[in-house]
Amino acid sequence: MPSPARRLPSTGPTPGPITRLRASASPPRRGALALVSALVCLAATALPAPPADASTTVTVTEAENGKLDGWYMRTVADASASNGSAVRYDWPGSVRLKLMLPADADAITLRVRGDQCGGAPAYTLAIDNAPVADGTVASTSWTDRTYTAPLVAGTHSVDARYTNDHTEPWPNACDRNLYLDAVTFSASGSLPGNPPVPDGFVHQSGTQLLDGANRPLRLRGVNLGGWLLWEGWVWGQGFDYIGESAMMRNLSSLVGPAQAEQFRSDVRANYVTGSDFKAMSAYGLNVARVLFNYRLLEDDGQPFVYKQSGWGVLDRLVSDAKQANVYLVLDMQAAPCSQMYAFISDYVGPDFLWSSPQCQDRMVALWKTIAARYADQNIVAGFDLLGETIIGDAQLLALYKRVTAAIRGVDRNHLIIYEGNYMARTFDLFTALPDSNAMLSFHDYPWAFPGQDLTARMTGYDAAAKRLNAPQWAGEFGQSTNEDIQKYVTVFNSDPLMAGWAQYTWKQSPGFAALQTIQHTPASRKLIDWINDPSRPRPTLAEAEQGMSDFVGASRFENTVHDAKLRNILGATASTAPASAPAAATTPESTPPASTASAAPSSTSTASPPAPVSPGTAAPSKRAGGKAARCRRAPILRARGRTRTSSPRRRSNRRRSSAPKRRCRRTSVNATREEARDERFSDASGGARSCRTPRVQATAP
């Protein structure tokens, strides 16, 4: 399985731990006491002494293996360097390294020296797009500078930048330069993570959410979109509005049904694994909302018969989450026969959930079976009954009541989560909640409400929570800039009625901000682009087979690229500090502190896990051209087809020009991702309708 990230050559991990022997001396003793003392000393010298500040080298890479970004940066021969050569920064610039850590690390060491001229050369260090430290090198000899940087095993990027070039004119000819030799990652212990989940179940107490030990709890985490329910845009390009069944149909026409089904099985086994949950825990996140397709467990040709392969996936999911102490919210995002005429619920027709009593019976029976299977699993925080729908309030409430009664027949413990109507935005359907152990869920994206601030909408969400005396959480938000996500998290964390949030989504192809970004290979990009839109260049069978293999590998956690800036917004609260002082062999000099600007306010829940120390917690910088409301000309999705527009990347580039911004002429409710991903639907005649003034029909298409 090839890695999409370029793996850098290294000198290889150094066996560890690195130890320092302690010297000791004893005063002379007399008689038997002296003999006993001598034997004790002999035994002590025969055994290895406990290490002081022991650390294990995880991996070492040479600076010259990175990308040299800047003028007059070059590799120079240096007999005193670890590999006989080093990078010399003649002018400001950076060495950019991308490498795979084979194990967790908690410190990074730069081996540096500098030409002194009017002061010492200065540098900055960033890891995974977030600042870690800045410092100066007041030594012309090689010296080690070590910084705390907790990093989960996997792909990481390092940027070591020279910042203060200085040259004095002839005849003095004093030139200040920086030299970088080896970059070493080491580990002295295990990374921080979530505390054990207490016995008991997550439950409601008025407008508060409590954990199993009756302590206030905020569920702060991510959605696992694109895994157990495929959406074309998550894997591909921004306007790839296509669902799982259509993607599978296209793939089957290319490689055959057997290979297509094997690919789906491989994705289910590799896209999310225990490594993902371990990373969530290390990032300070304590919940994953799992969007699943009913087809994982049930085929339309065999209603009410459930597939063991699907149970195997969910059982492993529960086990992996339990190991990492990460709560799960199970979300039926695609119900039998689909709750929306759209790709987001994998609609294929002709049956439709709201016009088919049998399909509703299947949904009720499936939830009852899921609840019975996981009734004793307290790592499951709750059941999110139905993802994003638009239907009459009475119809939605009636189905909610049926599913609730079925679940309570086999499971009295788990929290039940009710999404609002009209794409999880309104709660007018409830005069009271169908169950006393429940939570409300709303979804909110910035570009769904151009020109409106989130606080204006929070008033309505909060009013529903108060009226129904229930906690609430943002089941989905994100798909925007880091700046927008920072604003959302700040508002959510400061609202006492909020029981938490889940950012959308954990992992995806390059596009909007995500914690883990999939790095396509040429073969996987061509394959995914084609199964999302067959009007694009068609891969050969050999290319398709390579693309499937590449994508499975690229989607694994260790091959995805992490965004530490977003992690600091979502999970980290502690600041990064320099590790212990440089070893005695290095030139003495003070180690400047790393950036200590705090990130977004964190939850004050006593049950929420402590956030880990992270490599830099500086507030995220504004991304050039970032805008809360991205104006999109969205396609109209029809029951049996769709239209699409030009490439979002080309359109995005145009939007970043200096020309005045303007709002799109929309083809549906809002020109937003929620239109793109959530609000695309058509009426029975196939025409586009407005979400703000819906004309709900319960008839089949």
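The values are calculated or read from the model by the stated rules, or taken from the named source; none is laboratory data. What you see is a predicted model, and the numbers here were worked out from it, not measured in a lab. FYI the Cβ positions are ideal-geometry reconstructions off the backbone, even for glycines, and counts take in every protein chain you see. Keep in mind that these areas ignore ligands, DNA and RNA; they rest on the heavy atoms of the full protein, side chains included. Shrake-Rupley method; radii C 1.70, N 1.55, O 1.52, S 1.80 Å.
Output the residues belonging to region 149-173 that are open to solvent by 30 Å² or more (accessible area, probe 1.4 Å) and either at pLDDT below 95 or not in a strand (DSSP E or B) (or both).
THR163, ASN164, ASP165, HIS166, THR167, GLU168, PRO169, TRP170, PRO171, ASN172, ALA173
Residues that are open to solvent by 30 Å² or more (accessible area, probe 1.4 Å) and over 30 Å from ARG220 (Cβ atoms): does region 497-515 have at least one?
The initial filter retains those residues of region 497-515 that are open to solvent by 30 Å² or more (accessible area, probe 1.4 Å), namely 510-511.
Next, only the ones that are over 30 Å from ARG220 (Cβ atoms) stay: none.
Scanning region 497-515, I find no residue that is open to solvent by 30 Å² or more (accessible area, probe 1.4 Å) and over 30 Å from ARG220 (Cβ atoms), so the answer is no.
Please specify each residue of region 550-571 satisfying the condition of being under 16 Å from LEU224 (Cβ atoms) and among the charged types (D, E, K, R).
ARG556, the sole residue that qualifies.
Scan region 108-138 for residues that are open to solvent by 10 Å² or more (accessible area, probe 1.4 Å), in contact with a strand residue (DSSP E or B) (Cβ under 7 Å, 6 or more places away or on another chain) and of a type in the set (A, V, I, L, M, F, W, C) and report the count.
Qualifying residue count, region 108-138: 3.
Could you tell me whether any residue of region 86-96 is under 29 Å from ALA173 (Cβ atoms), without any contact (Cβ under 8 Å) to a residue 12 or more places away in the chain and open to solvent by 10 Å² or more (accessible area, probe 1.4 Å)?
Just the residues of region 86-96 that are under 29 Å from ALA173 (Cβ atoms), to begin with: 86-95.
Next, only the ones that are without any contact (Cβ under 8 Å) to a residue 12 or more places away in the chain stay: none.
No, because not a single residue in region 86-96 is under 29 Å from ALA173 (Cβ atoms), without any contact (Cβ under 8 Å) to a residue 12 or more places away in the chain and open to solvent by 10 Å² or more (accessible area, probe 1.4 Å).
Identify all residues within region 451-485 that are in a loop (DSSP other than H, G, I, E, B) and open to solvent by 50 Å² or more (accessible area, probe 1.4 Å); write none if there are none. Before you say what the answer is, go through the steps one by one.
In the first step, residues of region 451-485 are kept if they are in a loop (DSSP other than H, G, I, E, B); the result is 451-453, 469-471, 479-481.
Within region 451-485, GLY451, GLN452, ASP453, ASN469 meet the criteria.
If you go through region 175-196 one residue at a time, do you hit one that is free of Cβ contacts under 8 Å to residues at least 12 places away in the same chain and open to solvent by 40 Å² or more (accessible area, probe 1.4 Å)?
Step one: of region 175-196, the residues free of Cβ contacts under 8 Å to residues at least 12 places away in the same chain are none.
So far as region 175-196 goes, no, none of its residues is free of Cβ contacts under 8 Å to residues at least 12 places away in the same chain and open to solvent by 40 Å² or more (accessible area, probe 1.4 Å).
Can you confirm whether ALA448 is among the small types (Gly, Ala, Ser) and either modelled with pLDDT of 95 or more or surrounded by fewer than 13 Cβ atoms within 10 Å (Cβ to Cβ) (or both)?
Values: among the small types (Gly, Ala, Ser): yes; either modelled with pLDDT of 95 or more or surrounded by fewer than 13 Cβ atoms within 10 Å (Cβ to Cβ) (or both): no.
When the stated conditions are applied, ALA448 does not pass them.
Give me a count of the residues in region 329-344 that are open to solvent by less than 10 Å² (accessible area, probe 1.4 Å), over 22 Å from the mean Cα position of the chain (by Cα) and not aliphatic (A, V, I, L, M).
Number satisfying all stated conditions: 3.
What residue, of LEU396, LEU385, is over 24 Å from ALA288 (Cα atoms) and surrounded by 23 or more Cβ atoms within 10 Å (Cβ to Cβ)?
Values: LEU385 fails: over 24 Å from ALA288 (Cα atoms).
From the options LEU396, LEU385, the qualifying one is LEU396.
Could you check region 55-143 for strands (runs of 3 or more DSSP E) lying wholly inside it with 3 or more residues that are farther than 24 Å from LYS278 by Cβ? Walk me through it before giving the result.
On the way: elements: 56-62, 67-69, 73-77, 85-89, 93-101, 105-115, 122-127, 130-136.
By residue number, 67-69, 73-77, 85-89, 93-101, 105-115, 122-127, 130-136.
Which of the residues belonging to region 524-558 are over 12 Å from ASN250 (Cα atoms), open to solvent by 10 Å² or more (accessible area, probe 1.4 Å) and small (Gly, Ala, Ser)?
Passing the criteria: ALA542, SER549.
Where in region 238-339 are the helices (runs of 4 or more DSSP H), entirely inside, with at least 1 residues that are of a type in the set (Gly, Ala, Ser) and without any contact (Cβ under 8 Å) to a residue 24 or more places away in the chain? Can you show your working first?
Values: elements: 244-255, 257-270, 274-282, 308-324.
It comes to 244-255, 257-270, 308-324.
I need the full set of residues from region 399-434 which are among the polar types (S, T, N, Q), open to solvent by 10 Å² or more (accessible area, probe 1.4 Å) and under 28 Å from the mean Cα position of the chain (by Cα), in order please. If you could, list the steps in order and put the result at the bottom.
Step one: filter region 399-434 for residues among the polar types (S, T, N, Q), giving 404, 413, 421, 426, 431.
Now drop any that are not open to solvent by 10 Å² or more (accessible area, probe 1.4 Å), which leaves 413, 426, 431.
Answer for region 399-434, where residues must be among the polar types (S, T, N, Q), open to solvent by 10 Å² or more (accessible area, probe 1.4 Å) and under 28 Å from the mean Cα position of the chain (by Cα): just THR426.
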